[in-house]
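S.K.: This is the structure, below, for whatever I ask next.
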Amino acid sequence: MMTKTTIPVEEFTFPGSTGCPGCGANLVMRYMLKALGERTIVTIPACCWAVMPGYWPSNCLKVPLLYCAFEATGAAISGLRAALDVKGVEDVTVVGFAGDGGTVDIGLQALSGAAERRTDAIYVMYDNEAYMNTGIQRSGSTPWGAWTTTTPVGTSHGFKHESKKDIMAIMQAHKIPYAATVSPAFPEDFVKKIEKAKRTKGFKFIHALSPCPPGWRTNPSLSVEVARLAVDARVFPLYEIDEGKVHITRKGKGLPIVDYLKVQGRFQHLTEPEIDSMQKIVDDNWIMLLLKESSGT
Amino acid sequence: MRMVMTGNYASAYGAKLARAEVIAAYPITPQTSIVEKLAEFVSSGELKAKFIPVEGEHSAMAACIAAQTAGARTYTATSSQGLTLMHEVLMWASGARLPIVMTNVSRAMAPPWNVWVDHMDTVAQRDTGWLQFFCRSNQEVLDTIIMAYKICETSGVMLPAMIVEDAFILSHTSEPVDVPEQALVDSFLPAYSPELKLEVGKPMGFGSLVKPDQYMEFRYKAMLGMKEARERILRVEQEFKHIFGRAHGGLLDLYKCADADVVMVAAGSVAATAMDVVDAMREKGMRVGLARIRAFRPFPHEEFRSLAGKTEGIAVLDRSFTFGAAGAMFTEVKSSIYSCQKRPVVKNYIAGLGGRDITPKILEKIFEDMLVVSKRGAEDEVEWVDVAGLPRRWR
């Protein structure tokens with residue numbers, strides 16, 4: 001017997017997105033809008049999704065969409081909320097939907113400002129771990145060890161030697177009421193968290209892992225599988241920070257990191273000792289997360 | 001009601017009387033008292049608006065853009081480094097056809113650090129698609145803000161406007177200002193209701209990607225909007241005069257130019273000093289006049305062409321300098337009159353950068369120089385005025 005899912009049936013994206021085959025960001029947008037519904041206004045800065053709705057006058061979203069400047073998402077959601085407030089419109093969810101570069105790098109100031117101002121909005125970062133729209137350049141969210149076109153392998157410096165910015169910790173430090181990580185491989189957990197964010201007043205942050213076949217050098221048919229491996233190998237744990245309290249929503253199988261790395265071309269150059277050191281980083285982060293959960297912080 | 005107030009308070013009262021609904025602003029010297037006064041108006045409930053205390057000027061403009069796209073009338077104010085930080089989103093506001101109104105307290109650019117008046121910040125934004133109005137008095141600041149909303153919110157225009165106050169000379173100097181009754185302003189300026197806005201139930205993309213075979217048409221339409229703005233400025237000022245009993249000179253404010261042998265072109269507060277100098281020199285029998293650039297965008301090309309036939313020499317005073325070229329107003333004036341049958345001699349005087357005083361004596365010397373140059377032509381087309389180490393003495 002089939003189990004009934006909790007994911008809303010209605011779609012808020014038309015077919016015709018210009019995303020690549022197997023694009024994780026397509027799934028992130030789809031599940032997010034399913035959870036939020038029609039009474040939503042989305043703003044998108046420069047990123048893959050600035051191109052994916054299609055050329056004017058076509059648009060594959062069934063909600064109003066404001067394109068904004070690359071670094072301006074945090075400011076744009078504040079402006080949208082202020083306009084709705086002054087017009088007395090209360091039941092509309094304002095969403096900023098940005099990539100990792102537009103969030104942890106060029107957009108970090110505006111994001112911090114919007115969070116500090118307690119703007120009543122949801123900020124979703126779909127994290128494909130590099131500047132993918134411009135063709136795979138490193139970002140502050142690219143993990144240690146990854147190949148990108150600006151961290152080329154086989155040169156004196158080689159792959160990326162700096163670790164990924166912990167955007168969830170940055171957001172937690174802003175004392176926002178709700179932050180969560182989501183994965184397109186676990187849509188029920190995803191939708192539940194977005195629904196919770198919608199119910200919560202104030203600034204909410206969602207960190208969505210977004211597999212990118214061209215950038216990660218993965219088979220487009222494996223995007224959901226890769227996203228699942230990220231959770232099971234605890235590279236991308238699923239958790240929420242609700243009023244400051246950490247709660248892990250899915251512990252994952254604890255697979256070795258090599259299972260996650262071996263399906264991606266961007267990590268193929270890594271040696272065994274390098275993979276071991278990555279494993280150690282993942283293990284340490286996982287222990288830290290468990291400690292945060294048990295200590296109630 | 002007549003009140004004594006600074007240019008900055010005139011800006012704040014202007015935005016309040018225009019019933020700005022969303023104000024997003026970031027403090028910068030010497031604009032700060034505009035932001036403070038508006039925050040006070042909003043907090044006391046005198047102005048029913050949302051005030052967004054943004055974390056920078058780029059965000060101030062980005063927040064205004066979002067709010068205006070959602071159908072709210074917005075206002076912001078900035079200066080110098082803040083204005084130039086906004087550059088990207090200034091282009092965004094005009095490209096998106098949003099009639100945002102902003103005060104820029106014109107101040108010199110660093111380095112070296114300098115918080116006093118010149119027009120480099122404003123002039124550097126001339127290509128952003130904003131209407132730009134230079135003001136001569138605090139009254140003009142208040143009135144122009146109210147007029148700007150009416151000019152820009154016309155469906156044929158739909159472009160943003162920048163009202164320029166000279167740093168400290170207007171921003172921090174008190175003058176008597178007539179603050180009109182709210183009801184009178186309401187009768188002049190209706191509520192903002194754009195044809196298109198972000199609205200739930202009407203999914204549309206604002207600012208989508210367009211291909212090369214579509215892009216130029218968007219730019220062409222913005223050009224038509226700026227063309228329409230020219231006529232609108234004149235018409236709205238007539239209406240304003242009818243209701244409030246005063247006007248400020250359209251795009252090019254002419255003072256005693258009809259029979260002038262030589263005309264000085266200037267913008268901003270120095271024009272007020274220049275009017276006194278014109279009077280004093282006329283008493284001594286010299287026929288001089290003043291053409292004050294009020295609208296720098298759209299530029300008063302037609303007005304300059306008709307002025308060209310009536311005078312022998314034009315002295316263009318620029319309070320900024322475009323390196324590798326000349327003063328921006330000088331090059332604009334020259335290009336305006338190039339197609340005229342009779343072309344007067346034109347010379348550029350660069351003066352008053354970084355808040356250096358442009359005294360009546362300096363203005364008088366410029367007129368005197370121009371009276372000579374207009375007869376025999378200019379050796380140097382561009383002269384820097386009152387700079388240490390240069391041969392000519394101005395003081």
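S.K.: Tell me, which strands (runs of 3 or more DSSP E) wholly within region A:195-297 include 1 or more residues that are surrounded by fewer than 17 Cβ atoms within 10 Å (Cβ to Cβ)? Walk me through it before giving the result.
M.R.: Numbers: elements: A:203-209, A:238-242, A:245-250.
Those strands (runs of 3 or more DSSP E) span A:238-242, A:245-250.
S.K.: Can you tell me how many residues within region B:206-227 are touching a Leu at 6+ places or on another chain (Cβ under 9 Å) and not in a strand (DSSP E or B)? Write out each step before concluding.
M.R.: Our first condition is that a residue be touching a Leu at 6+ places or on another chain (Cβ under 9 Å); within region B:206-227, this holds for B:206-208, B:222, B:225-226.
If we keep only those that are not in a strand (DSSP E or B) as well, we get B:207-208, B:222, B:225-226.
Total meeting the criteria: 5.
S.K.: Pull up region A:30-66, narrow it to residues that are within 9 Å of another protein chain (Cβ to nearest Cβ) and part of a helix (DSSP H, G or I), then point me to the one that is nearest to B:Gly71 (Cα to Cα).
M.R.: Looking at the filtered set, the residue picked out is A:Ala50.
S.K.: State which residue pairs qualify: first residue in contact (Cβ under 8 Å) with a residue 60 or more places away in the chain and inside region A:35-52, second residue of a type in the set (Asp, Glu) and surrounded by fewer than 24 Cβ atoms within 10 Å (Cβ to Cβ) in any location, beta carbons under 6 Å apart, and separation of 6 or more residues or different chains.
M.R.: Close Cβ pairs satisfying both conditions: A:Ala35/A:Glu195.
S.K.: Suppose we filter region B:206-232 for residues that are over 20 Å from B:Val89 (Cα atoms) and more than 14 Å from chain A (Cβ to nearest Cβ); how many remain? Step through it out loud before you land on a result.
M.R.: If we filter region B:206-232 for residues that are over 20 Å from B:Val89 (Cα atoms), which is where we start, we get B:211-214, B:217, B:224, B:227-232.
From what is left, the residues that are more than 14 Å from chain A (Cβ to nearest Cβ) are B:224, B:227-232.
Adding up the residues that qualify gives 7.
S.K.: Select from region A:72-90 the residues that are within 7 Å of chain B (Cβ to nearest Cβ) and not in a helix (DSSP H, G or I) and write down the one among them that is farthest from A:Thr40 (Cα to Cα).
M.R.: A:Ala72
S.K.: Further, regarding this structure: Any residue at all in region B:374-395 that's in a helix (DSSP H, G or I), modelled with pLDDT of 95 or more, buried (at least 19 other Cβ atoms within 10 Å of the Cβ) and hydrophobic (A, V, I, L, M, F, W, C)?
M.R.: no
S.K.: For region A:149-170, enumerate the residues that are within 25 Å of A:Phe205 (Cβ to Cβ) and out of contact with any His (no Cβ under 8 Å at 6 or more places or on another chain). Explain how you work it out, then say what you get.
M.R.: Step one: filter region A:149-170 for residues within 25 Å of A:Phe205 (Cβ to Cβ), giving A:160, A:162-170.
Correct list: A:Lys160, A:Glu162, A:Ser163, A:Lys164, A:Lys165, A:Asp166, A:Ala169, A:Ile170.
S.K.: Search region A:91-107 for residues being in a loop (DSSP other than H, G, I, E, B) and buried (at least 24 other Cβ atoms within 10 Å of the Cβ), and hand back the single one that is nearest to the chain's Cα centre (by Cα). So that I can check it myself, show each step before the final result.
M.R.: Of region A:91-107, the ones in a loop (DSSP other than H, G, I, E, B) are A:91-92, A:100, A:106-107.
Filter once more, so that each one left must be buried (at least 24 other Cβ atoms within 10 Å of the Cβ): A:100, A:107.
Working: A:Asp100: 7, A:Gly107: 14 Å.
Restricting to residues being in a loop (DSSP other than H, G, I, E, B) and buried (at least 24 other Cβ atoms within 10 Å of the Cβ), the top hit is A:Asp100.
S.K.: Quick one: would you say B:Ile366 is in contact with a strand residue (DSSP E or B) (Cβ under 6 Å, 6 or more places away or on another chain), surrounded by 15 or more Cβ atoms within 10 Å (Cβ to Cβ), of a type in the set (Val, Ile, Thr) and not assigned by TED's automatic domain parsing to the domain that holds B:Val157? Give the steps one after another, and end with the answer.
M.R.: Working: in contact with a strand residue (DSSP E or B) (Cβ under 6 Å, 6 or more places away or on another chain): yes; surrounded by 15 or more Cβ atoms within 10 Å (Cβ to Cβ): yes; of a type in the set (Val, Ile, Thr): yes; not assigned by TED's automatic domain parsing to the domain that holds B:Val157: yes.
It is true that B:Ile366 is in contact with a strand residue (DSSP E or B) (Cβ under 6 Å, 6 or more places away or on another chain), surrounded by 15 or more Cβ atoms within 10 Å (Cβ to Cβ), of a type in the set (Val, Ile, Thr) and not assigned by TED's automatic domain parsing to the domain that holds B:Val157.
S.K.: Could you run through region B:51-72 and say how many residues are buried (at least 24 other Cβ atoms within 10 Å of the Cβ), at the interface with chain A (Cβ under 7 Å from one of its Cβ atoms) and more than 17 Å from B:Glu153 (Cβ to Cβ)? Full working, then the answer.
M.R.: Taking region B:51-72 and keeping what is buried (at least 24 other Cβ atoms within 10 Å of the Cβ), we get B:52, B:54, B:57, B:59-70, B:72.
Subsequent filtering for residues that are at the interface with chain A (Cβ under 7 Å from one of its Cβ atoms) retains B:52, B:54, B:59, B:62-67, B:69-70, B:72.
Restricting the remaining residues to those that are more than 17 Å from B:Glu153 (Cβ to Cβ) gives B:52, B:54, B:59, B:62-63, B:66.
Residues in region B:51-72 being buried (at least 24 other Cβ atoms within 10 Å of the Cβ), at the interface with chain A (Cβ under 7 Å from one of its Cβ atoms) and more than 17 Å from B:Glu153 (Cβ to Cβ): 6 in total.
Here is a yes/no grid of residues against (1) charged (D, E, K, R); (2) touching a residue at least 12 places away in the same chain (Cβ under 8 Å); (3) in contact with a Phe, Trp or Tyr (Cβ under 6 Å, 6 or more places away or on another chain):
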residue: B:Pro203; (1), (2), (3): no, no, no
residue: B:Ser208; (1), (2), (3): no, no, yes
residue: B:Pro212; (1), (2), (3): no, no, no
residue: B:Met216; (1), (2), (3): no, no, no
residue: B:Met223; (1), (2), (3): no, no, no
residue: B:Gln238; (1), (2), (3): no, no, no
residue: B:Lys256; (1), (2), (3): yes, yes, no
residue: B:Lys284; (1), (2), (3): yes, no, no
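S.K.: Further, regarding this structure: Being more than 8 Å from chain A (Cβ to nearest Cβ), in a helix (DSSP H, G or I) and surrounded by 24 or more Cβ atoms within 10 Å (Cβ to Cβ), is that true of even one residue in region B:73-81?
M.R.: For region B:73-81, residues more than 8 Å from chain A (Cβ to nearest Cβ), in a helix (DSSP H, G or I) and surrounded by 24 or more Cβ atoms within 10 Å (Cβ to Cβ): present.
S.K.: Could you please tell me which pairs satisfy a Cβ distance under 6 Å, a separation of 6+ or placement on different chains, a first residue in region A:93-108 that is touching a residue at least 40 places away in the same chain (Cβ under 8 Å), and a second residue that is surrounded by fewer than 23 Cβ atoms within 10 Å (Cβ to Cβ) and assigned to a loop (DSSP other than H, G, I, E, B)?
M.R.: A:Asp100/A:Ser141; A:Gly102/A:Phe70; A:Val104/A:Gly140; A:Val104/A:Ser141; A:Val104/A:Lys165
S.K.: Hand me the list of helices (runs of 4 or more DSSP H) wholly inside region B:104-205 holding 3 or more residues that are more than 14 Å from every other protein chain (Cβ to nearest Cβ), touching a strand residue (DSSP E or B) at 6+ places or on another chain (Cβ under 7 Å) and β-branched (Val, Ile, Thr). Outline the logic, then answer.
M.R.: Working: elements: B:120-123, B:138-152, B:182-188.
Here the list reads B:138-152.
S.K.: Report the residue count in region A:121-135 for those that are farther than 21 Å from A:Ser183 by Cα and surrounded by 21 or more Cβ atoms within 10 Å (Cβ to Cβ).
M.R.: Step one: filter region A:121-135 for residues farther than 21 Å from A:Ser183 by Cα, giving A:134-135.
Filter again for surrounded by 21 or more Cβ atoms within 10 Å (Cβ to Cβ), leaving none.
Going through region A:121-135 one residue at a time, the tally reaches 0.
S.K.: Can you tell me how many residues in region A:175-218 are under 16 Å from the mean Cα position of the chain (by Cα), among the polar types (S, T, N, Q) and farther than 20 Å from A:Gln264 by Cα?
M.R.: The total comes to 1.
S.K.: Could you give me the residue pairs with C-beta distances under 8 Å whose first residue belongs to region A:16-28 and is part of a loop (DSSP other than H, G, I, E, B), whose second residue is at pLDDT below 95 and polar (S, T, N, Q) wherever it lies, and which are 6+ apart or on separate chains?
M.R.: Listed by first residue and then by second, the contacts come to A:Gly16/A:Ser58; A:Cys23/A:Ser17.
S.K.: Which one of B:Arg235, B:Arg246 is more than 14 Å from chain A (Cβ to nearest Cβ), surrounded by fewer than 20 Cβ atoms within 10 Å (Cβ to Cβ) and in a loop (DSSP other than H, G, I, E, B)?
M.R.: Numbers: B:Arg235 fails: in a loop (DSSP other than H, G, I, E, B).
Residue meeting the stated conditions: B:Arg246.
S.K.: Related question: Does B:Phe244 count as aromatic (Phe, Trp, Tyr) and in contact (Cβ under 8 Å) with a residue 60 or more places away in the chain?
M.R.: Working: aromatic (Phe, Trp, Tyr): yes; in contact (Cβ under 8 Å) with a residue 60 or more places away in the chain: yes.
The answer is yes for B:Phe244.
S.K.: Okay, moving on. From the residues in region A:172-226 that are in contact (Cβ under 8 Å) with a residue 24 or more places away in the chain and basic (Lys, Arg), which one is nearest to A:Asn133 (Cα to Cα)? Even if it seems obvious, please write down each step before you answer.
M.R.: Of the residues in region A:172-226, the ones in contact (Cβ under 8 Å) with a residue 24 or more places away in the chain are A:172, A:174-198, A:201-226.
Checking the rest, the ones that are also basic (Lys, Arg) come to A:175, A:192-193, A:196, A:198, A:201, A:204, A:217.
On the way: A:Lys175: 31, A:Lys192: 29, A:Lys193: 27, A:Lys196: 30, A:Lys198: 28, A:Lys201: 32, A:Lys204: 25, A:Arg217: 15 Å.
Here the answer is A:Arg217.
The values are calculated or read from the model by the stated rules, or taken from the named source; none is laboratory data. Because the structure is a prediction, the values reported are computed rather than measured. Note: ideal-geometry Cβ built from the backbone for every residue, glycine included; neighbour counts use all protein chains shown.
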